[in-house]
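Asker: One structure, pasted below without further comment.
The values are calculated or read from the model by the stated rules, or taken from the named source; none is laboratory data. In this text the structure is predicted, and so the values were computed from the model without any measurement. Positions of Cβ are backbone-derived with ideal geometry, glycine not excepted, and every protein chain shown enters the neighbour counts. Accessible surface is based on the protein model in full, side chains and every heavy atom, while ligands, DNA and RNA are left aside. Shrake-Rupley method; radii C 1.70, N 1.55, O 1.52, S 1.80 Å.
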Amino acid sequence: MRLTFGYRDTVCEIVEGRGSIASVGNLVGKERNVLVVTDSGVPVQYAKSVLAQFSNASLLTIPQGEENKNFNTLETIIAALREQEIDRSGALIAVGGGMTGDIAGFAASCYNRGIDFYNVPTTLLAQTDASIGGKTALNFGHIKNMVGTFHHPRGVIIDTDTLKTLNARHLYSGLAEVIKMAATSDAALFSLLESDQPLNDNLDEIVAAALRIKCDVVLKDPLEQGLRKVLNFGHTIGHAIEVASDGKLSHGECVAAGMTYFCSDDMRKRLEKILKRYNLPVKSPFAGAALLPYISQDKKRKDGSITTVYVESPGTFEFRKMTPEEVASLIS
């Protein structure tokens, strides 16, 4: 599948399909000077496969883990870009999950006032959500994604074969973001996820459907001024759980739990059935009072309130403005 995403002067080509990692060089340009950035948790063969497609390229491996999405790692990437002597005609390619794409994209957005960025996501979460839309970020002061820019990639290469090396927990964590999009925007996809069909039998269809949702939403609202906030379903409480858990729970697991507090009773029952099937949590392990300090720091807070997303039935949603205290009160 190929999709073309255009925003202002940026045209992003999205290539999805098994074996598509072999086409990275053709998309970027094999003669360009590039830096490939991956992290230590990503199977090294993926970055090496990308590196081998270029005549002038180097590889940087950064430490894995959300705690490393910080200014120290950013400095490491900037130094590597300088060492590779990349100018504005060069490019940075991220190979890995959402953490790698976030920080590499941020580096590309500010190095030389912006260079081309390409994303090769290797996790389900990154393939269906984090790699599309141009959000880049660093964590700061225990606040997730506190510092960031909008810097859309020039290309995204989604090879679903890379998902074979994910363990079940990471695969299901990524699926939480797909469930999120299905719940708010695609009743047919939600029904497919509810079915008894094996996940791997429908993985390409699921990834493609999630990509279409994400692209449609971002095209209509590239800077998150309105509609794009629908993609935050489950994130208000989810981000707070993620910080409170101090890395013990993954992003997808936290979002899964966060979704269940913003549904009708019937929707919650259907949602929890899917979440339990994939060993995803259905409630917060922390009380509302413990999460309130983190909810209050939500970067989407404006004039004392947060825009939350409520789902009555699959494929529908509404925005509700709530104070941090009202959000916390939902958690018993």
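Asker: Within region 26-42, can you find the residues that are part of a loop (DSSP other than H, G, I, E, B), open to solvent by 30 Å² or more (accessible area, probe 1.4 Å) and either β-branched (V, I, T) or within 26 Å of I14 (Cβ to Cβ) (or both)?
Answerer: Residues satisfying the conditions are K30, E31, R32, G41.
Asker: May I pose another question? Name the residue, out of A328, A289, that is in a helix (DSSP H, G or I) and open to solvent by 30 Å² or more (accessible area, probe 1.4 Å).
Answerer: Only one candidate qualifies: A289.
Asker: Could you list all residues from region 116-165 that are within 19 Å of L249 (Cα to Cα) and within 16 Å of the chain's Cα centre (by Cα)?
Answerer: T123, L124, L125, A126, D129, A130, L138, N139, K144, N145 - these are the residues of region 116-165 that are within 19 Å of L249 (Cα to Cα) and within 16 Å of the chain's Cα centre (by Cα).
Asker: Still on this structure, I have one more. Looking at region 250-259, is at least one residue under 22 Å from the mean Cα position of the chain (by Cα), of a type outside the set (G, A, S) and open to solvent by 30 Å² or more (accessible area, probe 1.4 Å)?
Answerer: Looking for residues that are under 22 Å from the mean Cα position of the chain (by Cα), of a type outside the set (G, A, S) and open to solvent by 30 Å² or more (accessible area, probe 1.4 Å), one finds at least one in region 250-259, hence yes.
Asker: Here is a further query. Can you find a residue that is in a helix (DSSP H, G or I), touching a Pro at 6+ places or on another chain (Cβ under 9 Å), open to solvent by less than 10 Å² (accessible area, probe 1.4 Å) and aliphatic (A, V, I, L, M) anywhere in region 212-231?
Answerer: No: zero hits.
Asker: Picking from Q64, Q45, which residue would you name as being open to solvent by 20 Å² or more (accessible area, probe 1.4 Å) and in a helix (DSSP H, G or I)?
Answerer: None of the others qualify; the one that does is Q45.
Asker: Here's another thing I want to ask about it. Report whether or not T128 is open to solvent by less than 20 Å² (accessible area, probe 1.4 Å), at pLDDT 95 or above and either closer than 30 Å to V218 by Cα or basic (K, R) (or both).
Answerer: In short, no.
The rows are residues; the columns are (1) in contact with a helix residue (DSSP H, G or I) (Cβ under 8 Å, 6 or more places away or on another chain); (2) in contact (Cβ under 8 Å) with a residue 24 or more places away in the chain; (3) not in a helix (DSSP H, G or I).
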site	(1), (2), (3)
E253	yes, yes, no
A257	yes, yes, no
D266	no, yes, no
K276	no, no, no
